[in-house]
Amino acid sequence: TAATALEPDSRPHCRAPAMLCAVDAMKGVAARSRRVDPRDGLAATTRPRPEGAGRALRHRGAAFAAAVSAAALLVAAWSWGHGPRTAAVSGNACPPSADNLAVRAGAMGAKVDLSSAGGALSAMGAAADAALPITFWNSGSCPFAQRAWIALEEKAVPYKFVKVDLSAKSADFVAAYASVSPASNPQAKVPAVQTADGYTMIESDVVAEYLCERFPEYGTPLMPSSAEQRARVRLFIATFDQTLGGALVSLLRAGGDEFFEELAALEGHLQTLNKFLRSHTDGDGKGPFLCGGLFSLAEVHAAPLVQRMFVTLPHFKGVNLRTLLKKLGLGRLRTWFDAVLARPSVVKTGVPEQDLIRSFEQMVKS
């Protein structure tokens, strides 16, 4: 019953391969308690002969216990990746052990027999491990590719960084990109990722979400557990793009009276985001991010532009964002900005300040 309830078609949030492997393992346990009825060729519940009735019942009872244990571990594994995290397992945590999941399942009111349910747990780990390490193609300076890079760091999965010279792209990178792109003559762009078992994906936000769903048992979940919270993350991403998405370039290129018009527009965008965070922040209520303590795809999406704004606006236009936020009384947004900029994955994947300034100089001059 647990396996059927978690079918991917009926429960979309369980589509991650590791979860499906656990479901398959549970089905296997259930299947071992059934046999083919020679009278109709269909799988049917074992009809024990009178003299073997006790033995058959014991066999089916053991199979049922194993299935229940596997189901409990599956629920515990899901909650591990998507529920509240303790300090001991937050951040770049390793996949949970069987003992840890058994303890978590016990806290949820389930009794687990690890000896009978171990196969389900092993299947979960094997599915993810077959895809690792990941090959990650990146130029090292692209703000869009940085989103995928942040997600890789947050998921704490093994990956190989392959630096791409965009003026002389390697054949393997071009081939990998072309294998996924629907364009007839695609111009290969970063990022691109390829798993060890041959799956390739492109486009920054798509890659970040793929990593989140493909490796739910690794590192930071990046998406909250409920459909409502996940919708809120996506709404924030859309709102961020509609407000700050084009504000940096517009302000950097503006001069004269146009500069003050763009600065006023930036102030309005900052107020919109502050209002969003004040009214929509969810999660444990104890953290600075959109989902409280959970660093999510909302922050993954926004971080590269936030980094570039805090470096380029003071240098080229004399606009100090922290001073501006204080003047406007946007404390919630300032807290969010500071937390995003201080996140280790964002710091590690960022471009050095002087390199950022050099890359923007030509655009500002033009």
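Read the figures in this text as sums done on the coordinates, not as results from a lab. Given the structure is predicted, the values throughout are model-derived calculations rather than measurements. Virtual Cβ from ideal backbone geometry, glycine too; neighbours counted across all protein chains shown.
What is the local net charge at GLN354, summed over the other residues whose Cβ is closer than 14 Å to its Cβ (Lys, Arg +1; Asp, Glu -1)?
-1
Take each of the peptides 144-156, 164-176, 301-313, 244-256, average the number of other beta-carbon atoms within 10 Å over its residues, and list them starting from the highest.
144-156, 301-313, 244-256, 164-176
Please give every one of the lysines within straight-line cross-link reach of LYS317, meaning a C-alpha to C-alpha distance under 17 Å, and leave out same-chain neighbours fewer than 8 residues apart.
The reachable lysines, counting only those whose Cα sits under 17 Å from LYS317, are LYS365.
Could you give the size of the charge dipole of the range 199-288 about its Cα centre, using +1 on the Cβ of each K and R and -1 on the Cβ of each D and E, expressed in debye and rounded to the nearest 20?
Computed about the Cα centre, the dipole is about 320 debye.
Would you list, by chain and number, the lysines whose Cα falls below 25 Å from the Cα of LYS160, excluding same-chain residues fewer than 8 positions away?
Straight-distance partners of LYS160: LYS169, LYS189, LYS348.
To the nearest 0.05, how large is the calculated FRET efficiency for ASP197 and GLU267 if R₀ is 56 Å and r is the Cβ-Cβ distance?
For ASP197 and GLU267, the calculated efficiency is 0.70.
Simple spin-label model, 7 Å along Cα-to-Cβ: SER141 to GLN242 in nm?
Between SER141 and GLN242, the simple spin-label model gives 3.4 nm.
Cut-off under 17 Å on the C-alpha distance; same-chain residues fewer than 8 positions from LYS275 excluded. Which lysines are left, in chain and number order?
Excluding near neighbours in sequence, the set is LYS326, LYS327.
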